[in-house]
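The values are calculated or read from the model by the stated rules, or taken from the named source; none is laboratory data. Worth saying up front: this structure is predicted, and the values here are computed from it rather than measured. Every residue, glycine as well, gets a Cβ built from its backbone with ideal geometry; the counts of neighbours run over all protein chains shown.
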Amino acid sequence: MENTTGTETSYPLFLQIYEFIRNRMERGEWKAHDKLPSIRGLAEELKVHRLTVFKAYRQLAEDGKVYVKDKSGYYVSQGGSPSLVAMDGADLTMAAALNSNRLSDIQRLPAQYQFSQALIDPGLLPNLFLSEYVKKVFDLYPKVMGTYSSVQGDEELRETLSLHFREHHRLQLSREELLITSGAQQAINLVADILLGPMDSILVERPTYSLAMDIFRRKGARLVPVTITPEGYDLAEVEDLMARHKPRLFYMNPTHHNPTGYTVPAWQRKLLVELAERYHCLLVEDDPFRDIYFAEPPPLPFFAYDTEGWVIYISSFSKYVAPGLRICAVACRYPLMERLITAKALADNGTSLLNQKIFLHYYTSPRLQQHLGKLRIALQVHKEIMEEELAGTGWEWTAPQGGLNLWVKLPEQLKVEALFRASLRESIVFVPGEICDALGEMKSWVRLSYSFVNEITLREGMRRLTALANQIE
Ligand SMILES: Cc1ncc(COP(=O)(O)O)c(C=O)c1O
């Protein structure tokens, strides 16, 4: 199947194949001096034209990742598989992070002014209460460490969450339609496992959460971008893309979206569920920021509008309870749930029971609502500090109504890469926007997270960042 994605709107097919090969090299499946599959063989395997594979190989050769032996074919270069995964912290230099263009590498860079983590300052999270609950859980369930959780997740926790979702978000769910995963990251992985194969088309927002794109690319999926704006999506564009590409799924983060903070309005949610039904495209709704709003609660999840089972709802509690507990709930209908449970069994046989019970006891205590109330205020103050420090710089953003980030457009003459390099030398780190873009463009955008550092460090870091920008311009 030749590229039908249309190069003007999607990542070129030969670059997707380039990524597919590079991923295999990084994982060590193809090592230095291994022979790569023939052009004809790979073209047949991936169902693409031979010229497309040839273009990918040629690009890999130009980038020094493979070399050609006369008449014999293409081979992996020494050092062609940099395997950042295998490097330890000390080796992970600024250059490596820049070259890999991966969020996970950027987030591992040590920095005092940490604006790259869309996580909450641990000082604002309920650590003390959680440690109290650890003791309580051991008293209540003395054998908790001696047993597995059920693969699908602790029954008591699923029951509690199904009631919570029904009451607060109008999701009609039974506990059998919930799966507990180790974070949203695992949920996205499981969804990709059961639904995607090489060269399957999927829709992703542009920009989007880059680690999700990394997962989908690793599966060999073709990413077709859908622009998200402060007003949501262009539904005519979405319909056109669904009709043309027949995507397996649309990965979306429609509420206080990462990286932009935008929220898709209620009227679009209903219509999009209808489109999903019509074009048989699953909507994968990743919703970790729902409860982090400043003034008004956001519109109901897409899942609330779905009667036919076209939405998979992923609700992680990493952002406002504890990223370390790795608790996330996935809601979907059968038979899809059955397949997810099987994938979960193969992945880890169930999330830690101890973590689920600690979470459950905190979640059902009145402290949760008190904590959330205070957290919303604290995060709004953080956001306002960042905005105050950006006022008058000429940098542009749309003020989000919740979430953890500002998505900021820099003035034309200020190059993100130059600012990024200079910032690292001053121990400031942020996310270059192109990492969040399936097309690898958006080069004048950055994501600045206001949630991870305390207020004093936030203000100081922003002052340093804007002063640096003035020196570079
Ligand atoms: C949109 C989105 N999805 C998923 C995740 C991962 O969440 P978890 O910690 O639950 O794996 C993040 C974390 O930043 C995120 O922003």
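Assorted remarks:
- Residues satisfying the stated conditions in region 283-304, i.e. away from the ligand (no atom under 15 Å from the Cβ) and in contact (Cβ under 8 Å) with a residue 24 or more places away in the chain: TYR293, PHE294, ALA295, GLU296, PRO299, LEU300, PHE303, ALA304
- Scanning region 256-272 for residues that are under 26 Å from LEU196 (Cβ atoms) and more than 10 Å from the ligand (Cβ to nearest atom) yields THR260, TYR262, VAL264, GLN268, ARG269, LEU271, LEU272.
- Whichever residue in region 176-203 is buried (at least 18 other Cβ atoms within 10 Å of the Cβ) and more than 16 Å from the ligand (Cβ to nearest atom) and, among such residues, is farthest from VAL238 (Cα to Cα): GLU177
- Of the residues making up region 427-459, those that are surrounded by fewer than 16 Cβ atoms within 10 Å (Cβ to Cβ) and out of contact with any helix residue (DSSP H, G or I) (no Cβ under 8 Å at 6 or more places or on another chain) are SER427, ILE456, THR457.
- Among the residues of region 323-334, just one is in contact with a helix residue (DSSP H, G or I) (Cβ under 7 Å, 6 or more places away or on another chain) and either among the hydroxyl-bearing types (Ser, Thr, Tyr) or on the phi > 0 side of the Ramachandran plot (or both), namely ARG326.
- Evaluating THR307 against the criteria (1) within 15 Å of the ligand (Cβ to nearest atom); (2) without any contact (Cβ under 8 Å) to a residue 24 or more places away in the chain; (3) within 19 Å of GLU176 (Cα to Cα); (4) not basic (Lys, Arg) leaves one unmet condition, (1).
- Lone qualifier among TYR320, TYR313 - being farther than 18 Å from TYR251 by Cβ, touching a helix residue (DSSP H, G or I) at 6+ places or on another chain (Cβ under 7 Å) and within 16 Å of the ligand (Cβ to nearest atom): TYR320
- Where a residue in region 5-23 is assigned to a loop (DSSP other than H, G, I, E, B) and its partner, wherever it lies, is at pLDDT 80 or above and among the small types (Gly, Ala, Ser), with Cβ under 9 Å and at least six apart: THR5/SER201; SER10/SER201; SER10/ALA438; TYR11/ALA438; TYR11/GLY440
- Candidates ALA347, ALA343, ALA329, filtered to the one that is under 14 Å from SER182 (Cα atoms), in contact with a Phe, Trp or Tyr (Cβ under 9 Å, 6 or more places away or on another chain) and of a type in the set (Gly, Ala, Ser): ALA329
- Verdict on GLY232 being over 27 Å from ILE292 (Cα atoms), more than 12 Å from the ligand (Cβ to nearest atom) and either in contact with a Cys (Cβ under 6 Å, 6 or more places away or on another chain) or touching a residue at least 24 places away in the same chain (Cβ under 8 Å) (or both): no
- In region 206-216, the residue that is nearest to the ligand (Cβ to nearest atom) out of those that are crowded, with 19+ Cβ neighbours inside 10 Å and not aliphatic (A, V, I, L, M) is TYR209.
- Residue check for LYS31: exposed (fewer than 15 other Cβ atoms within 10 Å of the Cβ), within 22 Å of ASP214 (Cβ to Cβ) and touching a strand residue (DSSP E or B) at 6+ places or on another chain (Cβ under 9 Å): yes
- Meets criteria (within 15 Å of the ligand (Cβ to nearest atom) and buried (at least 18 other Cβ atoms within 10 Å of the Cβ)) for LYS357: no
- Look at region 320-339: where a residue is over 17 Å from GLN185 (Cα atoms) and a partner is in a loop (DSSP other than H, G, I, E, B) and more than 16 Å from the ligand (Cβ to nearest atom), sitting 6+ places away or on another chain with Cβ atoms under 6 Å, you get ARG333/GLY309.
- Any hit, region 122-130, residues being surrounded by fewer than 14 Cβ atoms within 10 Å (Cβ to Cβ) and under 23 Å from the mean Cα position of the chain (by Cα): yes
- Region 132-158 residues that are surrounded by fewer than 18 Cβ atoms within 10 Å (Cβ to Cβ), paired with ones that are at pLDDT below 85 (beta carbon under 8 Å, 6 or more apart): PHE138/VAL144
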